[in-house]
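The values are calculated or read from the model by the stated rules, or taken from the named source; none is laboratory data. Predicted model, so just to flag it, every value in this text is computed and none were measured. Cβ atoms come from the backbone with ideal geometry, glycine included; neighbour counts cover every protein chain shown.
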Amino acid sequence: MKMTGAEIFVECLKREGVEVIFGYPGGAVLPIYDAIFQQSHFKHILVRHEQAALHAANGYARVSGKCGVSLVTSGPGATNAVTGLADSNSDSIPNVCFTGQVPSYLIGTDAFQEADIIGITRSATKHNFLVKDVKDLAKIIRQAFHIATSGRPGSVVVDIPKDVGLASCEFVWPESVAMRSYQPVVEGHPGQVKKAVKAMLKAKRPVLYSGGGVMNARGSAELLLKLCHQLNAPVTNTLMGLGGIPYDDSHFLGMLGMHGTYEANMAVSHCDLLVSVGARFDDRVTGRLDAFAPDAKIIHIDVDPTSVSKNVHADLPIVGDVAVVLQQILDEISHQGKTHNIEALKLWWQQIVEWREVNSLGFEQSNEGPIKPQTVIRKVHEITKGDAIVTTDVGQHQMWAAQHYGFKKPHRWLTSGGLGTMGYGLPAAVGAAMAAPDEPIVCFTGDASIQMCIQELATAYQYRQKIVVVLLNNAYMGMVRQWQEMFHESRFSHSYFDSLPDFAMLAEAYGGVGLRADTLDELDAALATAFSTQESFVFIDVAVAKEENVFPMVPAGAALNEMVLS
Amino acid sequence: MRHTITILVENEFGVLTRIAGLFSARGYNIESLSVAPTMDETVSRVSLVTRGDEKVIEQIKKQLNKLIPVIKTEDISFMVHLEREMLMVKVKDSDESLALADEARAKIVDHEQGSYFIAELTGKTEKIDQFLKDIGEKNIIEITRTGPVGMRRGIEGFVV
Ligand SMILES: Cc1cc2nc3c(=O)[nH]c(=O)nc-3n(C[C@H](O)[C@H](O)[C@H](O)COP(=O)(O)OP(=O)(O)OC[C@H]3O[C@@H](n4cnc5c(N)ncnc54)[C@H](O)[C@@H]3O)c2cc1C
Ligand SMILES: Cc1ncc(C[n+]2csc(CCOP(=O)(O)OP(=O)(O)O)c2C)c(N)n1
């Protein structure tokens, strides 16, 4: 059948199983928007800024397990999307973004709203395509989804010139997407798996260190839990891996790294075997490299060979998908029919219990206030029973949420880790609400971060999403203030806001419910209202202790065991 | 250590930019880069010379393979292989320089008596360096070099 490029776009998305896309129209994509108007296969969510379209698609992808999809116009629409592309790519989230482009015959002429988005996004994406001929469109869309979702997921741009949307050709759906130059490894090398299992059963002080890869490989969290129980091994998660192990499982040590728990960082510093499961030894995790896990043999399971031995040498790399490799490991353990080193593990746990007693996340909350930010997070945990979908922005509130929320399940913790993008939280919640409209969704944010994408309250209201925004308002760029206090002798250069809006009124102006909490009682009342309001979003502006700092902290460049505890 | 890496890529637009961009974004250095089509019109062959310690070279190879249009790579540095590059050099005409060219078995492809000549020379990088040194900087008007291309010895081909 003959179709226009715009119709092919719609047909391909339908065939890819797309249910929702996030976008913002403009001249170059009008033909595509016209085709969208005339179809009913997928929903289009109209955001208020292109950056938010990408973050929303990211949030949607993380919760639903499907590929995020967005559509923006050429020039400024596309350049606005760049932060979101880079963000998804750093955090390995599958996200396909369609950008409009000026008509092919104008490319290279500095035409109105022309931007070389292929050039601009080359290093911010896993791959990008310029569609030069409508006949290639279906094949390219197929490849874009394949590349975004397989191997190490990431963002992909498909740049479509306006005339390609208008031109027509016979529609041919490529049945397969075999690409000779792109064939990610899925299964772990059996010989390596065998050696890894031997090392795991022999280890006296093992630690499992899991990350975002466990989120990417659906179903692998259960296998991870099984493995740690079989080995009786402690598990720590990276920021991206939270929810990989239920927070209340006795084997869980909490997060490791710069703001990790004392027990997690001490365990990593003293272990004799470190098994990395879908994590990439980021500098916020390792601290000073030469002092990282100095006595450990390192097993690294990762689908991306470039992650292996990039920062930390892997003694035993296993390239493959986490879910597949963990299953191979479990099978091999039953095959070898031996148990772990029970006696040694007993001693190891005694040591870990001692470290736990330091209670590194402890804090004091007096009844008279001020409200401690940690208290707010813990109260939200109680009300939602650790079962909410939690998004954050970037800063202190993000770290407190990571430390204190306590996640029961995977795919419920949405935060920008790799790029650390302020402005991520609210749009990510908008995306999450499209994937799980009936679940509680909380966005923890800061007074600086929220102002980077606050316009998305309008989107949340338009689609009557029941998001609860909890603003930990310290009137500072708290994380910046903390670094200035610790490393720049308290010279608070441009990290304080002399002027902040009345957030509750602002929220009301956007159509939602706006509340302010200055005391613990007001906080309880506001939270009770928030989680029972069913009509719209609720925004709670919580006045928290202004100069609270995040601890523990491994200062940049220090070793993991050189934590500052308070 | 100097490494010569051969890369087979899909013959599509922008591949060279992706390779060059990878090197600049990650701070690896490229000594030379050359690309040309192969017998299979869908495939181009890139020859790249870079420097780095073992760890850096390992990352470079992995990062190259991670580029979507890269089909495969081969580091020929540690294999029995041949490497050649081509030079064209424009030299002020003199009997002495002509004699040096003859001695090096360079081909004179253009010559204007008493003015200049252009010599063409193919060989290992060191041979070309030596030839240029012998001619001497003050006698050279202009040079252009292709950068090395290489191939493993033996009956097997590095093809798709
Ligand atoms: C203010 C701030 C403070 C931070 N502090 C900390 C901190 O204290 N601790 C901390 O941990 N982080 C911290 N981070 C986050 C940090 O910057 C990194 O984003 C994070 O550590 C990376 O997590 P990860 O190693 O799990 O990797 P991810 O970025 O999640 O990458 C996943 C890895 O798994 C691989 N992978 C993906 N899918 C699969 C699959 N299906 N199968 C196999 N492998 C797969 C990928 O190739 C990659 O190597 C902080 C960030 C900010 C903004
Ligand atoms: C887009 C962007 N700009 C700047 C930064 C640097 N930065 C990291 S945290 C932070 C302050 C965040 O303040 P706020 O949102 O109020 O959160 P708090 O730390 O107070 O909880 C800044 C400016 C960033 N991560 N992202």
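Each row is one residue, and each column tells you yes or no for (1) modelled with pLDDT of 95 or more; (2) under 23 Å from A:MET452 (Cβ atoms); (3) more than 16 Å from ligand 2 (Cβ to nearest atom); (4) part of a loop (DSSP other than H, G, I, E, B).
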site	(1), (2), (3), (4)
A:ARG481	yes, yes, no, no
A:SER493	yes, yes, no, yes
A:LEU515	yes, yes, yes, no
A:LEU527	yes, no, yes, no
Original post:
Of the residues A:THR421, A:THR415, A:THR445, which single one is within 16 Å of ligand 1 (Cβ to nearest atom) and more than 22 Å from A:GLY213 (Cβ to Cβ)?
Top reply: A:THR445
Original post:
In the set A:LYS346, A:LYS297, which member is buried (at least 16 other Cβ atoms within 10 Å of the Cβ) and assigned by TED's automatic domain parsing to the domain that holds A:MET255?
Top reply: A:LYS297
**OP:** Say whether the condition of being assigned to a loop (DSSP other than H, G, I, E, B), more than 30 Å from A:HIS127 (Cβ to Cβ) and touching a residue at least 24 places away in the same chain (Cβ under 8 Å) is met by at least one residue in the stretch B:140-153.
**Re:** yes
Subject >> Unique residue being outside the structural domain of A:LEU256 (by TED's automatic domain parsing), of a type in the set (D, E, K, R) and buried (at least 18 other Cβ atoms within 10 Å of the Cβ) when the list is A:ARG464, A:ARG481 >> reply: A:ARG481
**OP:** Would you list the strands (runs of 3 or more DSSP E) that sit entirely within the stretch B:1-95 and hold 3 or more residues that are within 11 Å of chain A (Cβ to nearest Cβ)?
**Re:** B:2-10, B:70-75
**OP:** Could you identify the single residue in A:HIS251, A:HIS189 that is within 27 Å of A:THR149 (Cβ to Cβ) and surrounded by fewer than 23 Cβ atoms within 10 Å (Cβ to Cβ)?
**Re:** A:HIS189
Subject >> Breaking point among (1) assigned to a helix (DSSP H, G or I); (2) within 20 Å of A:HIS397 (Cα to Cα), for A:VAL550 >> reply: (1)
Original post:
Considering only the stretch A:399-443, how many residues are part of a helix (DSSP H, G or I), more than 16 Å from ligand 2 (Cβ to nearest atom), buried (at least 24 other Cβ atoms within 10 Å of the Cβ) and touching a residue at least 40 places away in the same chain (Cβ under 8 Å)?
Top reply: 3
Original post:
(1) touching a strand residue (DSSP E or B) at 6+ places or on another chain (Cβ under 9 Å); (2) in a helix (DSSP H, G or I); (3) within 14 Å of chain A (Cβ to nearest Cβ); (4) not hydroxyl-bearing (Ser, Thr, Tyr): which one isn't true of B:LYS127, the others all being true?
Top reply: (3)
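Please work out if A:GLU222 is more than 14 Å from chain B (Cβ to nearest Cβ), free of Cβ contacts under 8 Å to residues at least 24 places away in the same chain and under 24 Å from the mean Cα position of the chain (by Cα).
Details: more than 14 Å from chain B (Cβ to nearest Cβ): yes; free of Cβ contacts under 8 Å to residues at least 24 places away in the same chain: yes; under 24 Å from the mean Cα position of the chain (by Cα): yes.
Judged against the criteria, A:GLU222 is a match.
Of the residues B:THR73, B:THR146, B:THR122, which single one is of a type in the set (Ser, Thr, Tyr) and either more than 21 Å from the chain's Cα centre (by Cα) or over 25 Å from B:ALA20 (Cα atoms) (or both)?
Working: B:THR73 fails: either more than 21 Å from the chain's Cα centre (by Cα) or over 25 Å from B:ALA20 (Cα atoms) (or both); B:THR146 fails: either more than 21 Å from the chain's Cα centre (by Cα) or over 25 Å from B:ALA20 (Cα atoms) (or both).
The unique qualifying residue is B:THR122.
Among the listed residues A:VAL63, A:VAL69, A:VAL82, which satisfies the condition of being away from ligand 1 (no atom under 15 Å from the Cβ), closer than 18 Å to A:LEU419 by Cα and of a type in the set (A, V, I, L, M)?
On the way: A:VAL63 fails: closer than 18 Å to A:LEU419 by Cα; A:VAL69 fails: closer than 18 Å to A:LEU419 by Cα.
Exactly one residue qualifies, and that residue is A:VAL82.
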Subject >> Answer from B:SER47, B:SER77, B:SER97, B:SER115 - the residue that is modelled with pLDDT under 95 and either surrounded by 14 or more Cβ atoms within 10 Å (Cβ to Cβ) or more than 30 Å from A:PRO184 (Cα to Cα) (or both) >> reply: B:SER77
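Name every residue in the stretch A:300-335 that is among the hydroxyl-bearing types (Ser, Thr, Tyr) and either within 11 Å of chain B (Cβ to nearest Cβ) or closer than 23 Å to A:SER92 by Cα (or both), in order of residue number.
At the first step, the residues of the stretch A:300-335 found to be among the hydroxyl-bearing types (Ser, Thr, Tyr) are A:306-307, A:309, A:334.
Matches in the stretch A:300-335: A:THR306, A:SER307, A:SER309.
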**OP:** Please indicate, with yes or no, whether at least one residue in the stretch A:269-285 is touching a Cys at 6+ places or on another chain (Cβ under 7 Å), touching a residue at least 24 places away in the same chain (Cβ under 8 Å) and either away from every other protein chain (no Cβ under 14 Å) or surrounded by fewer than 20 Cβ atoms within 10 Å (Cβ to Cβ) (or both).
**Re:** no
Subject >> Subset tally (residues that are basic (Lys, Arg) and within 16 Å of ligand 1 (Cβ to nearest atom)) for the stretch A:452-484 >> reply: 1
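Name the single residue that is nearest to B:LEU64 (Cα to Cα) among those in the stretch A:169-193 being in contact (Cβ under 8 Å) with a residue 60 or more places away in the chain and within 13 Å of another protein chain (Cβ to nearest Cβ).
Filtering the stretch A:169-193 for residues in contact (Cβ under 8 Å) with a residue 60 or more places away in the chain gives A:169-171, A:173, A:184-190, A:192-193.
From the residues that got through so far, the ones that are within 13 Å of another protein chain (Cβ to nearest Cβ) too are A:184-185.
Details: A:PRO184: 14, A:VAL185: 16 Å.
The extreme case among them is A:PRO184.
Restrict the check to the stretch A:350-364 and report whether at least one residue is within 16 Å of ligand 2 (Cβ to nearest atom) and either among the hydrophobic types (A, V, I, L, M, F, W, C) or in the same structural domain as A:ILE467 (by TED's automatic domain parsing) (or both).
Step one: filter the stretch A:350-364 for residues within 16 Å of ligand 2 (Cβ to nearest atom), giving A:363.
Keeping just the survivors that are either among the hydrophobic types (A, V, I, L, M, F, W, C) or in the same structural domain as A:ILE467 (by TED's automatic domain parsing) (or both) gives A:363.
The answer is yes; a qualifying residue exists.
For the stretch A:540-558, enumerate the residues that are acidic (Asp, Glu) and farther than 19 Å from A:PHE492 by Cα.
Looking only at the stretch A:540-558, we keep the residues that are acidic (Asp, Glu), and these are A:541, A:547-548.
Hit for the stretch A:540-558 is A:ASP541, nothing else.
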Original post:
Any residue in the stretch A:252-261 that is in contact with a His (Cβ under 8 Å, 6 or more places away or on another chain) and either aliphatic (A, V, I, L, M) or within 24 Å of A:ASN561 (Cα to Cα) (or both)?
Top reply: no
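Can you pull out the residues in the stretch B:94-131 that are without any contact (Cβ under 8 Å) to a residue 40 or more places away in the chain and polar (S, T, N, Q)? Before the answer, list the steps.
Initially, the stretch B:94-131 is screened for residues without any contact (Cβ under 8 Å) to a residue 40 or more places away in the chain, giving B:95-96, B:98-123, B:126-127, B:129-130.
Answer for the stretch B:94-131, where residues must be without any contact (Cβ under 8 Å) to a residue 40 or more places away in the chain and polar (S, T, N, Q): B:GLN113, B:SER115, B:THR122, B:GLN130.
Having 2 or more residues that are within 14 Å of chain B (Cβ to nearest Cβ) and touching a helix residue (DSSP H, G or I) at 6+ places or on another chain (Cβ under 7 Å) is the bar; report the strands (runs of 3 or more DSSP E) wholly within the stretch A:80-166 that clear it. Before you say what the answer is, go through the steps one by one.
Working: elements: A:95-101, A:127-130, A:155-161.
Qualifying strands (runs of 3 or more DSSP E): A:127-130, A:155-161.
Given the options A:ALA279, A:ALA264, A:ALA293, name the one that is more than 6 Å from ligand 1 (Cβ to nearest atom) and either on the phi < 0 side of the Ramachandran plot or charged (D, E, K, R) (or both). Let's see the steps before the verdict.
Numbers: A:ALA279 fails: more than 6 Å from ligand 1 (Cβ to nearest atom); A:ALA293 fails: either on the phi < 0 side of the Ramachandran plot or charged (D, E, K, R) (or both).
Selected residue: A:ALA264, the only one of A:ALA279, A:ALA264, A:ALA293 that is more than 6 Å from ligand 1 (Cβ to nearest atom) and either on the phi < 0 side of the Ramachandran plot or charged (D, E, K, R) (or both).
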Original post:
Of everything in the stretch A:10-58 that's in contact with a Leu (Cβ under 7 Å, 6 or more places away or on another chain) and part of a helix (DSSP H, G or I), which residue is surrounded by the fewest Cβ atoms within 10 Å (Cβ to Cβ)?
Top reply: A:PRO31
